[in-house]
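The values are calculated or read from the model by the stated rules, or taken from the named source; none is laboratory data. Everything numeric here is computed off the predicted structure, so don't read it as measured data. Using ideal geometry, Cβ is built from the backbone for each residue, glycine included, and neighbour counts are taken over all protein chains shown. Just so you know, the surface numbers come from the protein's heavy atoms only, side chains and all, with ligands and any DNA or RNA stripped out. Shrake-Rupley method; radii C 1.70, N 1.55, O 1.52, S 1.80 Å.
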Amino acid sequence: MSNGRHLILDLYECDQEILNDYKELQRLLEASLVMANATILRIFGEKFQPQGVTLLALLAESHASIHTWPEIGYCAIDLYTCGDTTQTHKAAKFLTEKLKAGTVEQKEVKRSITPPSTATAPEDSCIFVYN
C-alpha cells in the first residue's frame, strides 16, 4: 500500500541569479505548493555566504525542500507528500520551468507504512529489511 510520493529532482544549468535569490525562491516554492494543493504550515530557510539557499516547507502532508548551488547552476529539490490530495508533479514542472533548468533528472519513490516484501520487489530495486 502506497501512502506517499517522494519526488526527487536534480536540476542542472539553472538560472544562477534565481538560485541565489532567497525571496524569489521562497515565492516560487510557495506558489508551486499552492498549485499542488499542499497545505503549507511554514516555510523557512537560510541564505548562505557567499552564495546558496536552503528552504524547507513544512506541510500538513509532509515536506518540501530546495537546496541551491548557484555557482554551478545546480538545484536539488525534494517534494514528499502523503495521501492522494496533492499534485507534486505540477509543483515539480512549475519549479523546473521557473528555475530555467537545462537538464532535469527526476526520480519518484513510493513511500509506504506497509513493510516491504522482497517477493514483490521489482527486479531493478534493492530492498534491505532490518528487524
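Quick rundown of the values:
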| read-out | value |
| --- | --- |
| Selection count, the range 42-88, where residues are within 10 Å of the chain's Cα centre (by Cα) and among the charged types (D, E, K, R) | 1 |
| Residue identified as open to solvent by less than 50 Å² (accessible area, probe 1.4 Å), within 14 Å of LEU7 (Cα to Cα), in contact with a strand residue (DSSP E or B) (Cβ under 9 Å, 6 or more places away or on another chain) and at pLDDT 95 or above among ALA101, ALA64, ALA57 | ALA64 |
| From SER112, SER32, residue being of a type in the set (S, T, N, Q) and more than 16 Å from the chain's Cα centre (by Cα) | SER112 |
| In the range 61-78, the residues that are small (Gly, Ala, Ser) and touching a residue at least 40 places away in the same chain (Cβ under 8 Å) | SER62, GLY73, ALA76 |
| Candidate set: the range 11-42, residues that are in a strand (DSSP E or B), open to solvent by 30 Å² or more (accessible area, probe 1.4 Å) and of a type outside the set (D, E, K, R); chosen: the one nearest to LYS93 (Cα to Cα) | TYR12 |
| THR96 being modelled with pLDDT of 95 or more, assigned to a strand (DSSP E or B) and either over 19 Å from ASN3 (Cβ atoms) or open to solvent by 20 Å² or more (accessible area, probe 1.4 Å) (or both) | no |
